Each structure stands twice: as C-alpha cells, then as structure tokens.
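Some notes on the structure that comes next.
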Amino acid sequence: MTTTISYEQAKAYYEQWGVNVDLALKQLNQIPISIHCWQGDDISGFETIKSELSGGIDVTGNYPGKARNGDELRSDLEKALSLIPGKHRVNLHAIYAETNGQFVDRDEILPEHFAKWVDWAKQNGLGLDFNPTLFSHEKANDGLTLSHPDEHIRQFWIDHCIASRKIGEYFGKELGTPCLTNIWIPDGYKDIPSDRLTPRVRLKESLDTIFEYKTDEKYNIDAVESKLFGLGSESYVVGSHEFYLSYAQQNNKLCLLDTGHFHPTETISNKISTMLLFNEKVALHVSRPVRWDSDHVVILDDELKEIALEIVRNNAIERVLIGLDFFDASINRIAAWIIGTRNMIKALLYALLIPHNYLKELQEQGNFTERLALIEEFKTYPFGAIWDHYCEISNVPIREKWLQEVQIYEKDILSKR
C-alpha cells in the first residue's frame, strides 16, 4: 500500500500557503526526542538492594511483561525505536547502573557501570542522556536530599550528583553527542513550613558544590528541574520554578521544564518564548498531568501541539532539548513508548506545516479575523497523509499498523517473562 498520491494531494494544500513540505520532513527528521528508559520497568532500576518507589512518584498497574534487567530493557527499547520514525536518544537514571550483582551505592557509581548502555547506544546510533536518582533510597526516606539538615546526608547526595555528571561526560565523549545531565530532587514538606528560606540556602550551597567539579560542555550539559508540589510535598517544594530559573541563569545551567510540575491550570507552552528570550537553550520533560504530576502517556492534545508550535514558530528547534517523562504500568509498556513518542513527533510535524510568518504578519497588522480563521482551518488540513508519508519513508508502519508488531512481540517475548 502506498501513500504517494494522497501525500502529493496533501502537499499541494500546504504549499499553496508557502509551506515547503519536503523541507519540513527533513527538519523533522533532525529533531531527536530523548526517550526515557524508566517507562519499560516502572522505574524499578537494577540496584541489588531495592527500595520502595518514593519521592512523590507512583506507578500504577501490573500489566505483564515488565523488563527485569538491562538486556530485556534494551531489547524492549529497540522494539519501540524500530516503530518510531526518526533517530532519537535514550534517557537513563542512575538506578540503571549494571554492577554485576555487586552492591554499589549511588555515591560510588562509575562510568564502567554503564558500559553496556554505551556499547548498545553505539550499535544503534543513539545518544544518551542522564539523571542522578535522588529518590527511592534509605537516605531519601524523609523526602529530603540536597537540602537535608544533616550534613552527611547532603554530602552523600552531592557525591552522587558529581558522580552522575562524570557519567554524563563519559556518555558524551564515547558517543560524540553531548549528554544532558538533569538534576531533580523531591525535597519538600507535606504541611506549611515555618522556614522556607533555610532549606533553599542549603540546596543552593549543595548545587554550588556539585558544579565546582567542572565537566566539558562539549560532552555534558547540566540542567536543573523545578517542581511546584508533589505527593508528600503538597505545601512546599524547595526547588521551585523561581529557585531553579534564577539558579540556572546565574550559573549558566539549563532550566528544565516538566509539563507535569506546575499548577494543573498552568501550561509550559506559554513559558517557552520567555525562556528562550533570556536563555540560550531550554530543556523539556514532556508528560501529561491529569490531576497532579501523574505522568500519563503523552497524547496529541492541544497543549502538546502548542508546545511544538512554540518551538517551531520561534525557530528554536536546535535550542529546545525535548525529552519525555511518563510511566504507565496499566498498558503494554512498549506501546506506551510508541504512542507517546509518535505523538510528540506528530505535534512537531503539525507545527512545521503551519505558515507561521504569514500568521505573524496578520497579528502585526491587527487582522485577527483572518488569523483566527486560518488557524482553525489548518486544524483540519490533511496532516494525516503527510504523517503517513513520513512514516513510510522512515520504514516504520503507518497509522495503527505498528500495534500488530507490538502484539506479536508481546506474545513471543513479554508473555514469557
């Protein structure tokens, strides 16, 4: 089955507005999405001593076939990547170190514990990103890490973050593409604090110590991630948006925006243009909050489209680093990766097919009638035919046909775990 005829017809619709569809597809093919490994095993990791999931994070569901080790997780990722158009990245957490069954605490992890990941990434032409894991550990049981009043606990997590940044630099050197090493902490209080400042002073001092160790920015890019509230930190989070935005700008770090880390009525799409005005680059973790930071699988909703529109219309494709962050154990985990990642790519394609310059001119002219009319009409332009063509030339299944391959993989592989 070919989509050439429908593609050519759809292409004509867009080109009458000056949209270069072929160029849009080339641009789309150059945008890597950093796909999070933790969807495949419910953020379990490979540590020899398992801790309960904590830090305000929860994964619900018990769908069969969860990855139990590095080989299974990499196999599952390969299957997902084979059904997603484009060339992408994989995002790791520190808990995915492979230590040959030996106990290695997080402050002692080394690049060699991720050698299998690097070899696999080389074989598949992938970049790797990284995150220190400051949750699900006995030294994070009270919900405090880098802002902890206990100096020894703070130092443990400082050492963990420094070790993680060294690993990120190792990834960049080995793979020839810089690693984004992102620090997020769960620190906060369930009830209203009597002192908001002191924990933030400690967090700033901890971060300053972490970043005293210099890594080469050609290989490692540092980012810090904010949050508004979480389970167990409903009233106060130490690393708020204002804290990390200020810290990032003062210290030449990237500020990472997670779509689930703000008030339920607040959107990050509206923040992107402002962030780009004052920052060279911005990093994203794209998720789908439903009631709180629930990290549902990304769907092609209005906010996802708006995020992509802000990236494309502001010529920021190379300035916004896009990662995903969701986890759902109630459905096939590989399907979750594919659905979410394909939707992120669809949103970017949708944005690339809009005549932004003309719409900007209409706004400057005050011609809001034509602007609104065109924005609404483009919502029903034959976008699907362009998407099908992109999948076809990328040698991945069009439309829902990818689901058949996942079902076969589930029957042959996942059901036997």
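No lab work stands behind these numbers, since they all come straight from the coordinates. Every value quoted in this text rests on a predicted model; they were computed, and no experiment measured them. A quick note on method: Cβ atoms are made from the backbone with ideal geometry, for glycine too, and the neighbour counts reach across all protein chains shown.
Applied to the stretch 161-175, the Karplus parametrisation 6.51 cos²θ - 1.76 cosθ + 1.60 on θ = phi - 60° returns per-residue 3J(HN,Hα) values of 5, 5, 4, 5, 5, 5, 5, x, 5, 4, 4, x, 5, 6, 9 Hz, with x for Gly and Pro.
Between the listed residues ILE109, TYR350, PRO397, the Cα displaced farthest toward the positive end of the dipole of the chain, a dipole computed from Cβ unit charges relative to the Cα centre, is found at PRO397. Computed on the stretch 4-416, with alpha-carbon pairs under 8 angstrom and 6+ residues apart, the relative contact order is 20 percent. By the count of neighbouring beta-carbon atoms within 10 Å, fewest first, ILE272, ILE167 end up ordered ILE272, ILE167. With a cut-off of 16 Å on the backbone N, the residues of the stretch 280-316 near the modelled label site 7 Å out from THR265 along Cα-Cβ are 291-292. Using the Cβ-Cβ distance between ASN69 and GLU364 with R0 = 35 Å, the FRET efficiency computed as 1/(1 + (r/R0)^6) comes to roughly 0.05.
Computing FRET efficiency as 1/(1 + (r/R0)^6) for ASP208 and GLU78, where r is the C-beta to C-beta distance and R0 is 30 Å, gives about 0.15.
Once you divide the Cα radius of gyration of the chain by 2.2 N^0.38 Å, the number left is 1.00. The antiparallel fraction among DSSP beta bridges confined to the chain stands at about 15%.
For helix 302-313, what angle does its Cα long axis make with the longest principal axis of the chain, in degrees from 0 to 90 and rounded to 10? The helix 302-313 is inclined about 80 degrees to the chain. P(r) for the stretch 143-184, from all Cα pairs and a bin width of 5 Å, is 6, 24, 22, 17, 13, 10, 7, 2 %, short bins first.
Centre-to-centre separation between the Cα atoms of the stretch 240-290 and those of the stretch 61-89: 28 Å.
Using equal-weight Cα scatterers in the Debye expression, the normalised intensity of the stretch 176-302 in log10 at q = 0.09, 0.12, 0.17, 0.18 Å⁻¹ is -0.27, -0.49, -0.96, -1.06.
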